[in-house]
Amino acid sequence: MDSSAEALIAQVTQLHATLNQVGAYVFTKDLQGRYTYGNQMVCELFACSLQELVGRSAADFFDLSASIQIQLSDQRVLQQGQRVEMEEVNVFSHSGEERVYWSVKQPLFDAAGAVVGMCGVSTDITERRRLETQLREQKRLLDTVLNSLDALVYMKDHQRRYLYANANAAQLFGQTQASIVGKSDAEMIPQTEADRFGIMDQRVLGSGEKSIGEETFVDVNGVDRHYWSIKVPIESHGHVDAYVGISTDITEVVQLKEKFRDLANTDALTGILSRRCLLERAEHELKRARRAGAQVAIIAFDIDKFKLVNDGYGHAVGDRAIISVVEACKQGLRGTDLFGRIGGDEFVVVAVDTDLAGAVAAAERMRLGVFNAVISVGSGQRVPISSSFGLALSDLDTSLDELLSRADAMLYEAKQRGRNQVCYPELLDGADSL
Ligand SMILES: Nc1nc2c(ncn2[C@@H]2O[C@H](COP(=O)(O)OP(=O)(O)OP(=O)(O)O)[C@@H](O)[C@H]2O)c(=O)[nH]1
């Protein structure tokens, strides 16, 4: 054997060894689709030697009725001379096993340019496809769960850009689940609203600690929405670079809470302050006035002989009378004054930033208003009504309780003096210079 033949054999041997090392199925076929070569992996796959492989075709190994891509791709390469890259799902005839291959098939030409066969390289991607399918299925399941939750579920990166949002969260910002990814709140909602979400975002991203609290947001319809949010940091390589948030819409609960608070603060019949709320706010006003060196006046009043109204005209008329008294008195008060019902037919006004003259004038306006109030009971008949007033003015160290009992004592005095009048200490002392 001459040296060029030896060199050729050495090259072929090396090529053979290389093709056995590539980690893919390498094969060639003739124009009729018969194998002319297969590397070690092909031979092992078909459990035959290279000699046994040569001359056989795909039909000897695969169930071609279930492996249509083989024939299609082979035809395109061998008959149309095209290079083909495609996924093939092949079913083995002896075992029925299905495997997925990524195949690259290339025509082989003779010196005249005519197709004489093909060369193929196939990679088994069955496992990868199985994992991808599994992953897709898991994602679909997770999406179903997250999108069925009656809550906003989302994930943001350290720049507060969305990495994920469930359908509810995306919808809140007028986005789809795909379009919200990569966006920040400020790109979707007014800066002021985005800043509100920013408070908790920065807390969780900055401190790396779970953050729980209420967040508010004005939605696209201008409605105030309240959320109870839990934001959990996600650590990677020792630092927090994202967080997962879940926000539940608690708007209805907050509205109910406000409604209950209003109910507790408001007298059901008249809509003015309840006793508890009036006393709370009066305490607050008194402190404020002391700090400012100002005075507040407590005006206590009571409908005169109201029992007779109830007894004479019935409870319903009595109720109407109470409402009319309140409406009449409101006309004589300033918006800053506190007005509450502290008993059946007893009321208290806390007139802020006033002096004796101002407070007496307010009480007189109310007295006249009540006296002139029209409470009709059919056929032009009118319920006569009047009220008596007691007044006390705050000084530096008098407590609210003390002021209330002073005003009450003056009210009692007004009743004693014949009702339908305003009484205050200065009047009784004769020191009244009004
Ligand atoms: N219609 C009605 N009556 C009420 C309500 N709350 C209390 N009353 C009645 O108000 C009346 C208050 O009467 P009294 O406190 O005895 O005194 P008065 O008849 O107003 O007499 P003087 O206060 O001494 O002028 C009672 O008859 C209570 O039943 C209410 O919500 N509606």
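Determine whether MET155 is among the hydrophobic types (A, V, I, L, M, F, W, C) and either in a loop (DSSP other than H, G, I, E, B) or surrounded by 16 or more Cβ atoms within 10 Å (Cβ to Cβ) (or both). Talk me through it step by step, then tell me what you get.
Numbers: among the hydrophobic types (A, V, I, L, M, F, W, C): yes; either in a loop (DSSP other than H, G, I, E, B) or surrounded by 16 or more Cβ atoms within 10 Å (Cβ to Cβ) (or both): yes.
Yes, satisfied.
Based on this model, can you work out whether PHE62 counts as touching a strand residue (DSSP E or B) at 6+ places or on another chain (Cβ under 7 Å), buried (at least 18 other Cβ atoms within 10 Å of the Cβ) and in contact (Cβ under 8 Å) with a residue 40 or more places away in the chain?
On the way: touching a strand residue (DSSP E or B) at 6+ places or on another chain (Cβ under 7 Å): yes; buried (at least 18 other Cβ atoms within 10 Å of the Cβ): yes; in contact (Cβ under 8 Å) with a residue 40 or more places away in the chain: no.
For PHE62, the condition - touching a strand residue (DSSP E or B) at 6+ places or on another chain (Cβ under 7 Å), buried (at least 18 other Cβ atoms within 10 Å of the Cβ) and in contact (Cβ under 8 Å) with a residue 40 or more places away in the chain - is not met.
Report yes if some residue within region 12-33 is surrounded by 18 or more Cβ atoms within 10 Å (Cβ to Cβ) and in contact with a Pro (Cβ under 8 Å, 6 or more places away or on another chain); otherwise report no.
For region 12-33, residues surrounded by 18 or more Cβ atoms within 10 Å (Cβ to Cβ) and in contact with a Pro (Cβ under 8 Å, 6 or more places away or on another chain): absent.
Would you please name the residue that is farthest from PHE339 (Cα to Cα), looking only at residues in region 263-287 that are touching a residue at least 12 places away in the same chain (Cβ under 8 Å) and of a type in the set (Lys, Arg)?
If we take residues in region 263-287 being touching a residue at least 12 places away in the same chain (Cβ under 8 Å) and of a type in the set (Lys, Arg), then ARG276 is farthest from PHE339 (Cα to Cα).
Considering only residues that are more than 13 Å from the chain's Cα centre (by Cα) and closer than 14 Å to VAL153 by Cα, which ones fall in region 213-232?
VAL232
Looking only at region 293-304, count how many residues are touching a residue at least 60 places away in the same chain (Cβ under 8 Å) and surrounded by fewer than 18 Cβ atoms within 10 Å (Cβ to Cβ).
Within region 293-304, residues that are touching a residue at least 60 places away in the same chain (Cβ under 8 Å) and surrounded by fewer than 18 Cβ atoms within 10 Å (Cβ to Cβ) number 0.
Restricting to helices (runs of 4 or more DSSP H) lying wholly in region 306-400: which have 3 or more residues that are within 16 Å of the ligand (Cβ to nearest atom), within 21 Å of LEU269 (Cα to Cα) and among the small types (Gly, Ala, Ser)?
Values: elements: 306-313, 315-331, 356-371.
The helices (runs of 4 or more DSSP H) meeting that bar are 315-331.
Considering only residues that are under 29 Å from ARG196 (Cβ atoms), out of contact with any Leu (no Cβ under 9 Å at 6 or more places or on another chain) and among the basic types (Lys, Arg), which ones fall in region 130-177?
ARG161
Every residue, every condition in (1) surrounded by 22 or more Cβ atoms within 10 Å (Cβ to Cβ); (2) touching a residue at least 12 places away in the same chain (Cβ under 8 Å); (3) assigned by TED's automatic domain parsing to the domain that holds LEU286, yes or no:
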position	(1), (2), (3)
PHE347	yes, yes, yes
GLY358	no, yes, yes
ARG367	yes, yes, yes
SER379	no, no, yes
SER388	yes, yes, yes
ASP397	no, no, yes
ALA407	yes, yes, yes
LYS415	no, yes, yes
ASN420	no, yes, yes
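Filter region 200-254 down to residues that are under 15 Å from PHE173 (Cα atoms), without any contact (Cβ under 8 Å) to a residue 24 or more places away in the chain and surrounded by 12 or more Cβ atoms within 10 Å (Cβ to Cβ), then give me how many there are.
Residues flagged as under 15 Å from PHE173 (Cα atoms), without any contact (Cβ under 8 Å) to a residue 24 or more places away in the chain and surrounded by 12 or more Cβ atoms within 10 Å (Cβ to Cβ) within region 200-254 amount to 1.
The values are calculated or read from the model by the stated rules, or taken from the named source; none is laboratory data. If you're wondering where the values come from, they're calculated on a predicted model, not measured in any experiment. All Cβ positions, even for glycine, are placed from backbone atoms using ideal geometry, and neighbour counts span all protein chains on display.
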